[in-house]
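Below: the structure, in structure tokens.
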Amino acid sequence: MIPLRDTIPSRREPLATVLLIVINVMIFIGQSLMPDVRFAQFVYEYGFIPARFLKSIAQLGLFEASTYMPLFSSMFLHGNWVHLISNMWVLWLFGDNVEDVMGSIRFVIFYILCGLVAGFAHFLFNPTSKVPTVGASGAIAGVMGAYFILFPHSRIVTLVPFFFFLPMFIHVPAFIYLILWFISQLYSGVIQWIGGVSVGGIAWWAHISGFLAGVFIHKVFIKRRRYRYY
């Protein structure tokens, strides 16, 4: 199923969501203009590598800011256009309503915090991995987790190819759509963890942990003004 839009209009312009999308796109355009060798070096330098993170903690300690910079910078890097577009589409789909409830500044802080939690969870499950991890998926999963709690009765308009790609549009309750998404991530994460088998080269536990972070910490970022949730 391909999510197209939700059924809840935002009350105001989602400035922070748009800004995050623009930043991610601009950085990727800069990446794509690099020669292949420099592109790989850039990803290695600013991506999050669990083994390097562990080494930095051992050498510099837990309270050295530079140790944590790759956790932050990796959230704004993407491996290819498909990776970028899929992430930004989901951020646009769910981010505007969550930003409505939190306000722009709180939303950005929430987004970054979920991304940091996701990256750290990836480290805990893969502490010796030397593969760079990039992408906003963990932070966006946090947004999805907040949406899951705040707007469970919303509908997600999804495109389902049917009978030789004949388009079929289905309104799926947000609660159902997101719980199925979470279960699929958990299933793949457990297979990878128990069997030691890489499933699609994806940081599943970052997605899982980002989502759970969004579920449990979003209330801290909600503005005091009352909102009617859907």
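The values are calculated or read from the model by the stated rules, or taken from the named source; none is laboratory data. A quick note: this is a predicted structure, and the numbers were derived from the prediction, not measured. With ideal geometry, Cβ positions are generated from the backbone for all residues, glycine too; neighbour counts draw on all protein chains shown. Only protein heavy atoms, including side chains, enter the accessible area calculation; ligands, DNA and RNA are left aside. Shrake-Rupley method; radii C 1.70, N 1.55, O 1.52, S 1.80 Å.
Descriptive notes on the structure:
- Within the range 159-180, the set of residues being at pLDDT 90 or above and either out of contact with any Leu (no Cβ under 9 Å at 6 or more places or on another chain) or not β-branched (V, I, T) (or both) comprises P173, A174, F175, I176, Y177, L178, I179, L180.
- Any hit, the range 60-71, residues being of a type in the set (V, I, T) and within 16 Å of the chain's Cα centre (by Cα): no
- Residue match in the range 96-117 (condition: closer than 21 Å to Q41 by Cα, assigned to a helix (DSSP H, G or I) and of a type in the set (G, A, S)): no
- Any hit, the range 68-76, residues being buried (at least 18 other Cβ atoms within 10 Å of the Cβ), farther than 23 Å from V117 by Cα and either touching a Ser or Thr at 6+ places or on another chain (Cβ under 7 Å) or at pLDDT below 95 (or both): no
- Conditions (1) open to solvent by less than 80 Å² (accessible area, probe 1.4 Å); (2) out of contact with any strand residue (DSSP E or B) (no Cβ under 7 Å at 6 or more places or on another chain); (3) in a helix (DSSP H, G or I); number of the one not met by W92: (1)
- Across the range 3-43, the number of residues qualifying as within 30 Å of P161 (Cα to Cα), open to solvent by 90 Å² or more (accessible area, probe 1.4 Å) and either in contact with a Lys or Arg (Cβ under 9 Å, 6 or more places away or on another chain) or touching a residue at least 60 places away in the same chain (Cβ under 8 Å) (or both) comes to 1.
- Subset of the range 55-67 (residues that are in a helix (DSSP H, G or I), open to solvent by 80 Å² or more (accessible area, probe 1.4 Å) and not basic (K, R)): A58, Q59, L60
- Residue list for the range 97-118, filter: among the acidic types (D, E) and either surrounded by 24 or more Cβ atoms within 10 Å (Cβ to Cβ) or within 11 Å of the chain's Cα centre (by Cα) (or both): E99
- T128 closer than 19 Å to S86 by Cβ, of a type in the set (V, I, T) and open to solvent by 30 Å² or more (accessible area, probe 1.4 Å): no
- The residue list G196, G189, G200 contains one member that is at pLDDT below 95, under 24 Å from N87 (Cα atoms) and surrounded by fewer than 12 Cβ atoms within 10 Å (Cβ to Cβ), which is G200.
- Scanning the range 161-177 for any residue that is among the β-branched types (V, I, T) and touching a Lys or Arg at 6+ places or on another chain (Cβ under 7 Å) turns up at least one such residue.
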